[in-house]
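Working notes for the structure below.
The values are calculated or read from the model by the stated rules, or taken from the named source; none is laboratory data. The structure displayed is predicted, hence computed values, not measured ones. Because the Cβ atoms are built from the backbone with ideal geometry, glycine has one as well, and the counts that use them run over all protein chains shown.
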Amino acid sequence: MDFALTAEHEMVRRTVREFAQGELAPLIKEADRRQEPPEETLPRMAAQGLLGICLPARYGGQGLDYLALGLACEELEAVDTSLRVVMSVHVGLNSLGLLQWASEAQKQAFLVPQARGERIAAFGLTEPGAGSDAAAILSSARREGEEYILNGEKIWMSLATRAHHVLWFARTDPRAADPHDGLSAFLVETDRPGVTRGDLHGKLGVRAGSTGWVHLEEVRVPAANRIGQEGEGFAIAMSCLDNGRYTVAAGAAGLLRAALELSVKYALQRRTFGKEIARHQLIQEKIARMAQQYEIARLLYLRAGWMKNQGLRNTRETSLAKWTATEAAFEAAHQALQIHGAYGYSDEFEAERLLRNARGATIYEGTSEIHTLLQAGYALGYRSDRPLRCELPAHQPGM
Amino acid sequence: MGKEIWVYIDQFKGKALSASWESVAAAKTLAGPLGGSVVALALGPGAQALAVEAFHFGADAAMWGDDATLADFRPEAYGLTVAKLAKEKVPQLVIIPASTRGRDLAAMVSAELGCGAAADATGLEVKDGTLRITRPVYAGKLFSVVTFTGGETNIISLRPRSFPMPEADAGKSGSPSQVQSAVAEGDLKSKVTGYVASEAGVSLTDAKIIVSGGRGVANNPAITPPAEITDEKQKEVWKAQQGFALIRELAGVLKAAVGASRAAVDAGYIPYSNQVGQTGKVVSPDLYIACAISGAIQHQAGMRTSKNILAINKDPEAPIFGLARFGVVSDMHKFVPALTAELKKRLGR
Amino acid sequence: MNIVVCIKQTPDSAAKITVEGGQVAWGDAPLVVNPWDEFAVEEALRTKEKHGGKVTAVCMGAETAKEALKTVLAMGCDEAILVTDPALKGCDSLGTARVLAGAIRKAGEVDAVFFGRQAIDSDTGMTAGQVARLLGWPALTYVAAIAEWKPAEKAVSVQRMTDEGRQVVESSLPAVISVVKEINEPRYPSFMGIRKASKTTIPLWSLADIGVAADQVGEKGARVGWAEMYAPPARKVVCEMIKGETPEETAAALVDRLIAEKVI
C-alpha cells in the first residue's frame, strides 16, 4: 500500500491547477452568463497537452498515466465543470475507447490527431429516446459494399458542434434476439455529407460548456471506420463509460473541493452575531461534512485510477466512485450556497454556479439510480464482469 | 567621536529623492547613540548643489563628485566610487535610499567591501549600543530585526517614506568637498543610451497620497458605452476607464498618484505599472484611498503599511474595512465625484 | 549561448506566514519556485530558443529545493544543479551571492546569468547585483525588455524599469540580468517536461565543489545576524465609518475628519 502521490503526479496536479486558474478561469464567468463556450478553451487545453494527457506517446499523447488524468480532471472541475467535460468526452469516452478497441490502423488515423489535440472528439450514445436504456438506440447503420450508411439522431452530446470525430453507436442488426447484441460503433467524421448539428441552450448548469445534437441522414462512412466487430457496440459503449465515469468522479471531487475552499474562505471572513460565522457550530458541521466527503470522493477515484494503471477491470469501483462523488458534490455545493446566505444566491459569488454545475453529473454517464442498481447487483451477486475481447491497456511507463 | 555615518543622496536629473533627506534625518537619529557625524555623499550631475542642500537637511559634512563616468547612474561606476571612498575613510555606516538605484548601489558596495548589508529597512533603533534594523520580509507579512555582526563598515538601504521627512533649514550650510570617480570610462562595461517615454504623473513609490481603483470601477450601471462599441469586453473596459477618470480627478486635486488592484490590471483597465500589491508595487503613503477594492490579501501586501487608509466600497463586509482608518460604504461612482468637489472647495484647488 | 538562471525555492505567495518559536512557518502551503524567478527562467528559455545553446538552472538550498529545480526542468531548462552543504545554513545575501558566483564560475563559459528581481521571502533584491560584482560582470537589474542580443559581438541592449521610467542600457557580455514581471509571461511546465524532469537526477554540488571557503558563507561568513522575527501586530484600527444622507454630506463629513486628524 502506498497512499502518497509521486513527485510526478504532484507536479502534474500543480501545473494543471496553475494552468486552469491562470488561463481558463478568467474566461468562465462571462461564458457561463452568456451560455457560450469560450473559443480559447480547446486550443489552450490542446497546447498544454491535456487532450492527450494519458495517451501513450507513440500515439501522439503525453504518456502520463490514468491517475494523472484523474488529477487533471479534479483540478479542471475545481475551476469549472465545462473544462472537465472536455476531458470526459474527448479523452475518457472517445480516445480511451479507441485505445482499447480500435485497430492499429484506426489508432494511427483517428487516435493520433485526437491525442495531439488537432482533432476534437465527441461521443454519440444518448438519443432522444435512449438514455439509461442504451439498448433502445434507434440510430441505424446498413452495410453497402465497403461502406456503411448511417441514419439517426444523438442528443445531449458534449462538444457536438466542436468535434471533428464522433464515436457513434448505431444498430447494425435490427433482428438481434437481444437488442444489446445488434449495436456497432463507428468513428464518424463530422465533415461528411449528411451530418447536421447544433447547440442546445437553456441548460441549468455547465453553461460555459458546449452541448448539442447531431443528426445523420444517409451518411456514408467507410467500413474501415467501424470500431470493433459488428455487434460489439454495447460492450464498447460500456467500457467507454468506465473511462468517462472515472473522469466525472475525479471532476466531482474537484467541484467538492472548490465548494469546501469557497466555504472556508467565506466562513472565516463573514461575521454575524459578533463573530466570524466559522465559529458557529452549524457552519462547522457543514464544513466538516464537506471535508469528509472530499476525502471519500478523492480516495475512491484514485483507487479506480490505480486499477486502470494496473490493467484491472474497474467497472464496479468506477461506478461507486462516480455515484458517490457526484452526489456528494451536489450536496456540498448546496451547503456552500447556504453558508454564503443571500450572497450565495447571487452570481457575484461562485456558489450558485457550483450548485448548477453539480446537478447534471447525477444524471449523465449513468444516473444515480442506475449506479445504485449496479452496486446492488454487485453486492447481491446478480452481476459480475466478464472479460472483454479488448481490455483497456495498463499504463506502460515510457510508452 | 565615533566614525562617520554616510548618507548617499539619491537623485534623478539633479533632483534629490525625498527619501535622500529622510535618510539624512534617520542618520542624525543614529549619530547620537552610535557617535559620529553625518556625511552626505552626492554623485552625478548637480551633485555639488545637492551636497550643499544636504546641509539644510542636517548633514554635518558633505562630499560630491561629478564627471563623465557619473553622468548616468550605473551600478559599477557609482558602486566602485562609493566603495573606494569607503575603503579610504572607513565610515561605520553607509545609508542609502532603497530606490531601484539605491538597491543596486547597496549590492555593489557590499560585494566590493565584503561587508554586511540590510536592505529596505523600515525601522532603526540602537539598543545597548547595538544597531537593530527592522525590515519587512515575506512581502510585509513578517518583520525581521537584523544586526551587523562586525566589520568596520556596513550598509543599510531605507525604504522611502518610512522615516520622517526633515524640514529644510536654509540657515544651515557648509562647504562640501569634492571627490573623484573611481573608474575610467574604458573600464565600464555598460552604457545608458536613453530613456523610453513613459506615462507622466506622480510616481507611486514616492507619492504621499495614492488613490487606487479595483475591479469595481467598471460597475457603473448609470452609464452606457457608445453604440459603436459592440464587443462586451470593450464595453467593460470603456466603463472602467470612465471610473478611473473619476479616480484621476480625485488624485489631481490631492496631487496624488493613481494605483490599481491586480484585478483591475488583469482585466485590462489600467497598465501594470499602476499595480499595487504583492506582484506590483509596495507603497506606504500617508494616505491610501482604496476605491472599489475589496482588499484581497495580495493587495494588502502592497499597501498595508500606509499610514492611513480610506476605504470606499459599497460592500460593508469588504475586508478592506478591516484595515482602514476611515470607511465610506457607498458606490464610488457616486461618492468619488462628491469627494473631489468637496476637496476642491476646502483646499482651494 | 550558454545561459545560467539562478532560482530560489520559497513558500507559495498565498501562504499564511507566521512565526512559531522564532522560526518562520507557512503551514502546509507548498514550497514553490520563487515567483519572480519564473520570469527569469522564461526569458532564459526564450533566449535559448532564439539563439541556441543551453540553459542551466542553479539553486542554493536544502535537498528539498530539488523540487523547484524539477519544476524549471519541466519548463524546459536543460540542466539543473543544486548547491547544498551543511555549512550554508545562515547565509546572508552576500554569502548566497558568493555561492552562486562560485557555481557560475564552475559552470564554465557563461554568456548571461538571469535572476528574478528579488525573492519573495527575504525580499532583499541584492543578490543579482552582488553576484555581478563578485564575477566582475555588469549588473543589468530590473530589466523589463531585452531589446537585442548580439551574441557575435558579445553585447546586449536592454530596457530597465527604474522608478522614473524605462532606461535603455547597452552592455557587454557576459552580464548578470535581473528581470521584472513586465518582461514576459512565463510558460507552464509541459507534461513531457514533467516526465523528463521526474526521471532526471539533479547533481549536488558542495562548497568544496565550487571552491568557496566555508568561512565566507553560512553563519560564519554572514555579516548580518537575525536577531528577531515577528508578525506585524494586528493593526488595531477601528474603522471610523463616515455616514451622511447624501454623497455630498458624507464627503463634507469625511473631509472634516481628514483635516481634523491632519491626514491631509
* Structure fact -> Within the range B:59-111, the residues that are buried (at least 23 other Cβ atoms within 10 Å of the Cβ), among the β-branched types (Val, Ile, Thr) and without any contact (Cβ under 8 Å) to a residue 60 or more places away in the chain are B:109
* Restricting the range A:125-149 to residues that are assigned to a helix (DSSP H, G or I) and in contact (Cβ under 8 Å) with a residue 60 or more places away in the chain, the residue that is surrounded by the most Cβ atoms within 10 Å (Cβ to Cβ) -> A:134
* To do: Within the range B:279-300, identify whether any single residue is within 11 Å of chain C (Cβ to nearest Cβ), aromatic (Phe, Trp, Tyr), crowded, with 24+ Cβ neighbours inside 10 Å and not in a loop (DSSP other than H, G, I, E, B), and answer yes or no.
  => yes
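Considering only residues of the range B:263-278 that are among the aliphatic types (A, V, I, L, M) and more than 13 Å from residue B:299 (Cα to Cα), which is farthest from the other protein chains (Cβ to nearest Cβ)?
B:270
Looking at B:259, B:243 in this structure, which one is under 15 Å from residue B:337 (Cβ atoms) and in contact (Cβ under 8 Å) with a residue 24 or more places away in the chain?
Working: B:259 fails: under 15 Å from residue B:337 (Cβ atoms).
Among B:259, B:243, only B:243 is under 15 Å from residue B:337 (Cβ atoms) and in contact (Cβ under 8 Å) with a residue 24 or more places away in the chain.
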* To do: Working only within the range A:39-72, note down all residues that are of a type in the set (Asp, Glu) and touching a residue at least 12 places away in the same chain (Cβ under 8 Å).
  => A:40, A:65
* Asked: If you go through the range A:356-386, how many residues are free of Cβ contacts under 8 Å to residues at least 60 places away in the same chain and either part of a loop (DSSP other than H, G, I, E, B) or within 13 Å of residue A:206 (Cβ to Cβ) (or both)?
  -> 7
* Structure fact -> Checking C:96, C:124 in turn, the sole residue that is touching a residue at least 12 places away in the same chain (Cβ under 8 Å), more than 16 Å from residue B:112 (Cα to Cα) and either of a type in the set (S, T, N, Q) or touching a Ser or Thr at 6+ places or on another chain (Cβ under 9 Å) (or both) turns out to be C:124
* Asked: What about residue C:127, is it among the hydroxyl-bearing types (Ser, Thr, Tyr) and facing another protein chain (nearest Cβ under 7 Å)?
  -> no
* Among residues of the range C:21-44, those that are in a strand (DSSP E or B) and modelled with pLDDT of 90 or more, counted -> 5
* To do: Looking for whichever is surrounded by fewer than 19 Cβ atoms within 10 Å (Cβ to Cβ) and assigned to a strand (DSSP E or B) here; the options are C:156, C:168, C:143. Which one fits?
  => C:168
* Asked: Which one is surrounded by the fewest Cβ atoms within 10 Å (Cβ to Cβ) among residues in the range C:244-264 that are within 18 Å of residue B:337 (Cβ to Cβ) and charged (D, E, K, R)?
  -> C:245
* What do you reckon, is residue B:310 crowded, with 24+ Cβ neighbours inside 10 Å, within 13 Å of chain C (Cβ to nearest Cβ) and farther than 24 Å from residue A:265 by Cβ? -> yes
* Structure fact -> Within the range B:324-339, the residues that are surrounded by 21 or more Cβ atoms within 10 Å (Cβ to Cβ) and either more than 8 Å from chain C (Cβ to nearest Cβ) or under 25 Å from the mean Cα position of the chain (by Cα) (or both) are B:324, B:325, B:326, B:332, B:333, B:336
* To do: Of the conditions (1) in a strand (DSSP E or B); (2) closer than 22 Å to residue A:35 by Cα, residue A:209 clears all except one; give me its number.
  => (1)
* To do: Evaluate the range B:252-260: report whether one residue or more is of a type outside the set (Lys, Arg), crowded, with 24+ Cβ neighbours inside 10 Å, within 24 Å of residue B:349 (Cβ to Cβ) and away from chain C (no Cβ under 12 Å).
  => yes
* Within the range B:115-142, track down each residue that is facing chain C (nearest Cβ under 7 Å), modelled with pLDDT of 95 or more and over 17 Å from the mean Cα position of the chain (by Cα). => B:115, B:116, B:117, B:132
* Asked: Hey, does the range C:210-225 have a residue that's closer than 30 Å to residue B:339 by Cα, among the hydrophobic types (A, V, I, L, M, F, W, C) and more than 10 Å from every other protein chain (Cβ to nearest Cβ)?
  -> no
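Residue by residue, here is whether (1) touching a residue at least 24 places away in the same chain (Cβ under 8 Å); (2) crowded, with 23+ Cβ neighbours inside 10 Å; (3) more than 17 Å from residue A:364 (Cα to Cα) holds:
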position: A:151; (1), (2), (3): yes, no, yes
position: A:161; (1), (2), (3): yes, no, yes
position: A:165; (1), (2), (3): yes, yes, yes
position: A:183; (1), (2), (3): yes, yes, yes
position: A:191; (1), (2), (3): yes, no, yes
position: A:213; (1), (2), (3): yes, no, no
* Within the group C:47, C:10, C:71, which residue is within 11 Å of another protein chain (Cβ to nearest Cβ), assigned to a helix (DSSP H, G or I), among the hydroxyl-bearing types (Ser, Thr, Tyr) and crowded, with 21+ Cβ neighbours inside 10 Å? -> C:71
* Hey, among the residues in the range A:64-73 that are crowded, with 23+ Cβ neighbours inside 10 Å and not aliphatic (A, V, I, L, M), which one's farthest from the chain's Cα centre (by Cα)? -> A:66
* Of the numbered conditions (1) assigned to a helix (DSSP H, G or I); (2) within 14 Å of chain B (Cβ to nearest Cβ); (3) closer than 17 Å to residue C:209 by Cβ, residue C:91 fails exactly one; give the number of that condition. => (1)
* Quick check: is even one residue across the range B:40-58 in contact with a helix residue (DSSP H, G or I) (Cβ under 7 Å, 6 or more places away or on another chain), within 14 Å of chain C (Cβ to nearest Cβ) and in contact (Cβ under 8 Å) with a residue 24 or more places away in the chain? -> yes
* To do: Tell me, please, whether a residue that is at pLDDT 95 or above, more than 18 Å from the chain's Cα centre (by Cα) and surrounded by 24 or more Cβ atoms within 10 Å (Cβ to Cβ) can be found in the range A:233-250.
  => yes
* Quick one: in the range B:313-323, which of the residues that are in contact with a helix residue (DSSP H, G or I) (Cβ under 8 Å, 6 or more places away or on another chain) and assigned to a loop (DSSP other than H, G, I, E, B) is farthest from the other protein chains (Cβ to nearest Cβ)? -> B:314
* Structure fact -> Residues in the range A:18-46 that are closer than 12 Å to residue A:75 by Cα and either more than 10 Å from chain C (Cβ to nearest Cβ) or crowded, with 21+ Cβ neighbours inside 10 Å (or both) total 5
* Answer yes or no as to whether residue C:237 is within 7 Å of another protein chain (Cβ to nearest Cβ) and among the hydrophobic types (A, V, I, L, M, F, W, C). => yes
* Positions within the range C:185-212 being under 21 Å from the mean Cα position of the chain (by Cα) and modelled with pLDDT under 95, in sequence order -> C:185
